[in-house]
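One structure is given here, and the rest of the page talks about it.
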Amino acid sequence: MGGCIATPAKAGAFKRRNDSSNPVPEYRPDPSRVSRLISVLRNPADGDILHKYRFGKELGRGEFGITRKCFDLQTGEALACKTIPKSKLRTEIDLEDVRREVDIMRHLPKHPNIVRFKEAYEDKEAVYLVMELCQGGELFDRIVARGHYTERAAATVTKTIIEVCKVCHEQGVIHRDLKPENFLFTDASETAQLKAIDFGLSIFYEPGQRFSEIVGSPYYMAPEVLRRNYGPEVDVWSAGVILYILLCGVPPFWAETEEGIAQAIIRGKVDLERDPWPKVSEEAKDLVKCMLDPNPYSRMTVQEVLENSWIKNTNHVRNVSLGEDVRIRIKQFSLMNKFKKKVLRVVAENLPDEQIFGIKQTFDMMDTDKNGNLSFEELKEGLHMIGHPVADPDVQLLMNAADVDGSGTLDCEEFVTMSVHLKEIDSDEVLSQAFSVFDKNRNGYIEFDELRETLVDDSVGSNNDQIIKDIIFDADLDKDGRISYNEFKAMMKTGMGWKMASRQYSRALLNALSLKLFNDKSMELKFD
């Protein structure tokens, strides 16, 4: 096949005047992006979204879309709009994920701790989800900004998260991606509500129904998710992981690789001995153990957590500080994740043409019959040849995810798309190129001034030198005050790989990982 290689499309942009605070309400298509003439939403709002809303500054970026502040042209109300380009919806599964997210947000009742969904629009280029604006910052950011952080605060936050779980479960919804980043405060006031803001991985369920898709974020993933046999109990586990971090500042299951994190989750050994746990109340520690019970059938239910005395009577929980060390650990954990997201954005925006051509050469090598398409057997054998052996069911999952035209084979363009997703963070070449963006003086290290300059427009802030020092300290393994390439690579391969690819690709890789783990009989979990 000729002419199938192209530089990956860049995200579209909203046209702005020189005054960035006053953008022109006009959507400017990116000519490098080919719109997909498909219908995504079941019941989109009528009309052109730009006739109703004026778009403002970018608030954040996710896997599929960009969230911007927007204003209702009639009322002036400030809202948030998540824009999902159709060019990023490469498979039917991606399309269904977006449809389901909208359906779930429409289905959930009004609740003080769930972001209010307003409406969804669709045009030939994108899907737009308009919702309540939350400007008070992420959960962990609010915690570290306070000088006095207590066990009572941890109990209050946990109660809110579990109440969100209760609403979801009562409405037949499993959240499946509870994590601190998915909770924002409405504003900066002390009385601001904490709200769940992202239901992109949530799913409808019936009582007794079990699921096998491996979704979620590594640190917060329940063992039965890796076993590929789970139900609503996974939300209690994830909330338990958040509670553990709130009380001590670090995740309960930690390792240098994704496989190591998975193994730690499977073993289920929760450390409640090291500092600061001796200072934590027995009631709190007992609740952590019950929420992180590796057996989903004996794990505490949502209702049992809400009836637990430590949660039920938060006003009586100890209001003594957990100590500055806990607050610092939470801050470092949160900031490191922000830095990693910045790196991932750099990778996505700077993928070189020559790497695309290298992938084309790999395609030609795998295409043994030279018919311009990869069959199941060719893809399976090719993955084995390049050092990525994958079990048959997961080869098929990759085929299904990448086979956009439904032909049963992968053409060159489909293979390039798949490969870019799978190889972004595993490739030394790509990581090295991302590293060079930060290493501005090319001396082989990311230093304080370079990182501050690169993150100047990021959400970590432009003037907080201590934040930059904390990020460097956390990644700087040899403590020489700077980040070497090897330290940078280690940082990026700790807990991030599972979040890189589009949801379906990462499911395939995680499925392969879980098969590998559970082939080890010493680690297999069996419940009655």
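The values are calculated or read from the model by the stated rules, or taken from the named source; none is laboratory data. Since the structure is predicted, the reported quantities are computational estimates derived from the model, not experimental observations. Positions of Cβ are backbone-derived with ideal geometry, glycine not excepted, and every protein chain shown enters the neighbour counts.
Residue by residue through region 247-268, note down the ones that are of a type in the set (A, V, I, L, M, F, W, C) and either modelled with pLDDT of 95 or more or over 19 Å from the mean Cα position of the chain (by Cα) (or both).
We begin by selecting, within region 247-268, every residue of a type in the set (A, V, I, L, M, F, W, C); these are 247-248, 250, 253-255, 261-262, 264-266.
Listed by number, the residues that qualify are Leu247, Cys248, Ala264, Ile266.
Residue by residue through region 57-92, note down the ones that are surrounded by fewer than 16 Cβ atoms within 10 Å (Cβ to Cβ) and of a type in the set (Val, Ile, Thr).
The one that is surrounded by fewer than 16 Cβ atoms within 10 Å (Cβ to Cβ) and of a type in the set (Val, Ile, Thr): Thr75.
Here's the yes/no breakdown for (1) touching a Leu at 6+ places or on another chain (Cβ under 7 Å); (2) modelled with pLDDT of 95 or more; (3) over 20 Å from Arg42 (Cβ atoms):
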site: Gly136; (1), (2), (3): yes, no, yes
site: Leu139; (1), (2), (3): yes, no, yes
site: Thr156; (1), (2), (3): no, no, yes
site: Lys166; (1), (2), (3): yes, yes, yes
site: Gln171; (1), (2), (3): yes, yes, no
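Looking at region 225-241 only, could you name the residues that are aliphatic (A, V, I, L, M) and either in contact with an Asp or Glu (Cβ under 8 Å, 6 or more places away or on another chain) or outside any helix (DSSP H, G or I) (or both)?
Val234, the sole residue that qualifies.
Report yes if some residue within region 242-252 is touching a residue at least 60 places away in the same chain (Cβ under 8 Å), surrounded by fewer than 23 Cβ atoms within 10 Å (Cβ to Cβ) and outside any loop (DSSP other than H, G, I, E, B); otherwise report no.
no
Conditions: (1) more than 17 Å from Leu133 (Cβ to Cβ); (2) in contact (Cβ under 8 Å) with a residue 40 or more places away in the chain. Glu190 meets all but one. Number of the miss?
Condition (2) is where Glu190 drops out.
Residue under question is Val102, and the condition is that it be at pLDDT 90 or above, in contact with a strand residue (DSSP E or B) (Cβ under 8 Å, 6 or more places away or on another chain) and over 28 Å from Val343 (Cβ atoms); does it hold?
Considered against the rule, which asks whether it is at pLDDT 90 or above, in contact with a strand residue (DSSP E or B) (Cβ under 8 Å, 6 or more places away or on another chain) and over 28 Å from Val343 (Cβ atoms), Val102 comes out as yes.
Could you run through region 263-280 and say how many residues are in contact with a helix residue (DSSP H, G or I) (Cβ under 6 Å, 6 or more places away or on another chain) and touching a residue at least 60 places away in the same chain (Cβ under 8 Å)?
So the answer is 2.
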